[in-house]
Amino acid sequence: MLRASLRQVSAALKEGQVTPTELCQRCLARIKSTKFLNAYITVAEETALKQAEESEERYKRGQPLGILDGIPIAVKDNFNTAGIETTCASNMLKGYISPYNATVVQKLLDQGAVLLGKTNLDEFAMGSGSTDGVFGPVRNPWSYSKQYKEKSVPKSHSEDEESSWVITGGSSGGSAAAVSSFTCFAALGSDTGGSTRNPAAHCGVVGLKPTYGLISRHGLIPLVNSMDVPGILTRCVDDAAVLLGSLAGHDPKDSTTIQDDFRPFELPNLTDVSKLSIGIPKEYHAPGLSSEILGLWSKAADLFKNAGAKVVEVSLPHTRYSIVCYHVLCTAEVASNMARFDGLEYGHRSDKKDSTESMYAATRREGFNDVVRGRILSGNYFLLKQNYEKYFVKAQKVRRLIANDFAKVFRSGVDILLTPTTLSDAAPYTEFIQEDNRTRSAQDDVLTQAANMAGLPAINVPTALSERGLPLGLQFIGRSFQEKQLLTVAKWFEKQVQFPMIQLEEVKRHDNGVFQHQKSASFS
């Protein structure tokens, strides 16, 4: 049952094959047996069981609230949840309990979804590995899969085996791992420069970044206001469409959301792709792109071509500047957003009380890790009076050129762009941490952040396994607010490639108690 799709388990609930309480208990048991993955920061067991009981009563009355009623979900720990701690995986917010729910969380609860807990991430979502949070790194479930174990070199010592696990990608690694390891049926992530699609690619799940403004950001603790989008992680494209239908639409609490009502849609089964034009952006043949990904990208293009679609090479000339432009704008907005964490109103406050200024400084030194402090310093440098025009304004102009490149390609008749999501499969943790966060982010965001700069919808579809037995994904980028077309094409592609399901080994033996921080919580 835990391996079923969201639609399948919803049907099983309606038919009485399983009750919401039984389903919730199975997921909670699964969370405990996969605790070593460190996917969750907080498990809201008591609350989840109470929500499941309420759902069960609705089913008994024959009045379920919809397709999500009784479905266990998880939420990245940078979305506010009333009564449940929201930490952003940072010392700065340890112990912080929001008085309200993020709009997306409230919408899920209003439709009867069961919130299992809050998932792990890079501190304040700054990173591409889910390795830099204060609760420790997230482990990729595929590290413990039969597919990976069969391909990896046998280790003679248990400690060697212990260090051979691979990263999830980031920053929504906890949510991706939670979905991949069958602890929940869907999870919310956030996507500022690829933070949903990157871990989705490494964990073999679907990761959707909707058009900017389609889903409310209210209650998502901001990183980069002009690029942040709540992301959706599921095990198939159809399930992503279900979540999107539940979450999208105008929110009076977020002025950047669309004004029009959003109508949920069911994805058609596309049989004829002959009217489609698929663009292959040549600039996405980026330095460091592995031969495996390149070969997969080429095969995918041929798949569309052989099915009758028009496949054309296109150019997005300003893509080469996008990663530099992204980091200037990103750090500038980070510097602005992080200013609110001063120890006065909420979050951590230092005991140093020599003066207000010394308390500020000590609070931020103790509360933020090196990555966050580094981005704050960079952003403030770009925003200095003497640098503002040279860096920030120039980056804004380049961002407009990047967005115009996409608009021009779509005006030329191209429907969907097909690109890689990541440069390679997931790196071993010991290898990943050899490079600093900034270097890693610059490499790992290179194929994803341009869609955020242009505000376009994009989705990762798991496509094949690498020679090491790890997931590889490809990215589809669509026109603004054309999610239905994007998801329809992604669903067709998903059906063609038939990505294999993860075969997890017996997991309990791996639970060595390394991560003991996981907390229980409940709504107040």
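Between E366 and N306, what FRET efficiency comes out of the Förster formula 1/(1 + (r/R0)^6) with R0 = 41 Å and r the beta carbon distance, rounded to 0.05? Once the sixth-power term is evaluated, E becomes 0.10. Selection among S378, P20, G469 by position relative to the dipole of the chain gives S378 as farthest towards the positive end (Cβ unit charges, Cα centre). Between M501 and K149, the simple spin-label model (points 7 angstrom out along Cα→Cβ) gives 1.8 nm. With the charge dipole of the stretch 340-434 set up from +1 on Lys and Arg Cβ and -1 on Asp and Glu Cβ about the Cα centre, the Cα lying farthest toward the positive end among the listed residues Q396, I433, Y360 is that of Q396.
Between T430 and S163, the contour length at 0.36 nm per residue exceeds the alpha carbon distance by 95.4 nm. Shape class of the stretch 404-465 from the alpha-carbon gyration tensor: oblate, with a/c at 1.5 or above and b/c at least as large as a/b.
Any chance you could run the full-extension gain for K394 through E345? It's 0.36 nm times the residue separation minus the Cα-Cα distance, nm to one decimal.
14.2 nm
Rounded, prolate or oblate: which fits the stretch 260-331, taking a ≥ b ≥ c as square roots of the Cα gyration tensor eigenvalues, rounded meaning a/c under 1.5, else prolate when a/b beats b/c? Judged from the Cα gyration tensor, the stretch 260-331 comes out oblate (a/c at least 1.5, b/c at or above a/b).
About the centre of its Cα atoms, the stretch 187-327 shows a dipole size close to 320 debye [charges on the beta carbon of Lys, Arg (+1) and Asp, Glu (-1) only; nearest 20 debye].
Computed from the C-beta positions of H285 and T439 and an R0 of 22 Å, the FRET efficiency is 0.60 to the nearest 0.05.
For the stretch 198-347, a/c is not less than 1.5, where a ≥ b ≥ c are the root eigenvalues of the C-alpha gyration tensor, and a/b does not top b/c. That puts it in the oblate class. Ordering of 260-270, 171-181 by packing is 171-181, 260-270, highest average first (other Cβ atoms within 10 Å, averaged per residue). Legend: calculated FRET efficiency, S336 to K50, from the Cβ-Cβ distance at R0 = 30 Å, rounded to 0.05, equals 0.15. Our estimate of slack between K408 and S298, defined as 0.36 nm per intervening residue step minus the Cα-Cα distance, is 37.3 nm. The modelled label-to-label distance for the pair E57/Q111, using points 7 Å beyond Cα in the direction of Cβ, is 2.3 nm. Across the stretch 389-515, Cα pairs under 8 Å and at least six residues apart give a relative contact order of 25 percent. Measuring with a 1.4 angstrom probe and ignoring ligands and nucleic acids, H218 comes out at about 50 Å² accessible.
Think of the chain as having a plus end and a minus end, set by charges on the Cβ of Lys, Arg, Asp and Glu; of T211, L243, P230, T211 sits farthest toward the positive end of this dipole.
Counting protein heavy atoms only, the chain has 49 percent of its accessible area on carbon and sulfur, 1.4 angstrom probe. For the stretch 237-288 versus the stretch 334-400, the inter-centroid distance based on Cα atoms is 34 Å.
Taken over the C-alpha atoms, the chain has Rg and Dmax values of 21.9, 72 angstrom. Per residue, the accessible area of the chain comes to 39 Å², computed with a 1.4 Å probe over protein heavy atoms only.
Label-to-label distance for K94 and L384 is 3.4 nm, based on points extended 7 Å past Cα in the beta-carbon direction.
The values are calculated or read from the model by the stated rules, or taken from the named source; none is laboratory data. Note that the coordinates shown come from a computational prediction; the quantities given were computed from them, not determined experimentally. Cβ atoms come from the backbone with ideal geometry, glycine included; neighbour counts cover every protein chain shown. Accessible surface is based on the protein model in full, side chains and every heavy atom, while ligands, DNA and RNA are left aside. Shrake-Rupley method; radii C 1.70, N 1.55, O 1.52, S 1.80 Å.
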